[in-house]
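Take a look at the structure set out below.
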Amino acid sequence: MIEIGNVLTGKVTGIEKYGIFVNIDDKYTGLIHISEVSDRYVANLNNYAEIGEELRVRVIGKDDEKGQLKLSIKDLDYRVNKKRSTKIEETVNGFKTLREKLPEWMKEKLSEIEENGNN
């Protein structure tokens, strides 16, 4: 049974200017009101969730008869599948340092391999 304070996982089914709609299960759906997203100003809810994404949500209110929940993601690590950045940030030197250091690193590694092979 769902109780106030429970942390659940649900799927985002809609995003409006005022909140994010989340489907919890066959009986319950919920709304994360924009005021329950962050303690900071929220300009665009699309920066916090995408339709179809799974989120961890905290139940802050419920209506069992209607099957509706009031939800919050404040103070939660709410992203179930965090997007990982795969972009490599290029430095001022670009890959120049790598190109310069690679021969030195290879010599060091080969020396290490040769030493270990003789032991």
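What follows is calculated from the coordinates using simple rules that are stated; it is not laboratory data. Quantities reported herein were computed from a predicted structural model and do not represent experimental measurements. A quick note on method: Cβ atoms are made from the backbone with ideal geometry, for glycine too, and the neighbour counts reach across all protein chains shown.
Of note:
- Once the Cα atoms are used to define both axes, helix 96-117 deviates from the longest principal axis of the chain by about 70 degrees.
- Max mean-square fluctuation residue, GNM over the chain, Cα-Cα springs under 10 Å, options 54, 104, 65: 104
- Spatially close Lys pairs in the chain, defined by Cα atoms under 21 Å apart and a spacing of eight or more places or different chains, total 20.
- When you filter the GluC sites (Glu not before Pro) in region 1-45 for DSSP loop state and at most 12 other Cβ atoms inside 10 Å of their Cβ, you are left with 3.
- Average Cα contact separation per residue, region 7-72, under 8 Å, 6 or more apart, as relative contact order %: 38
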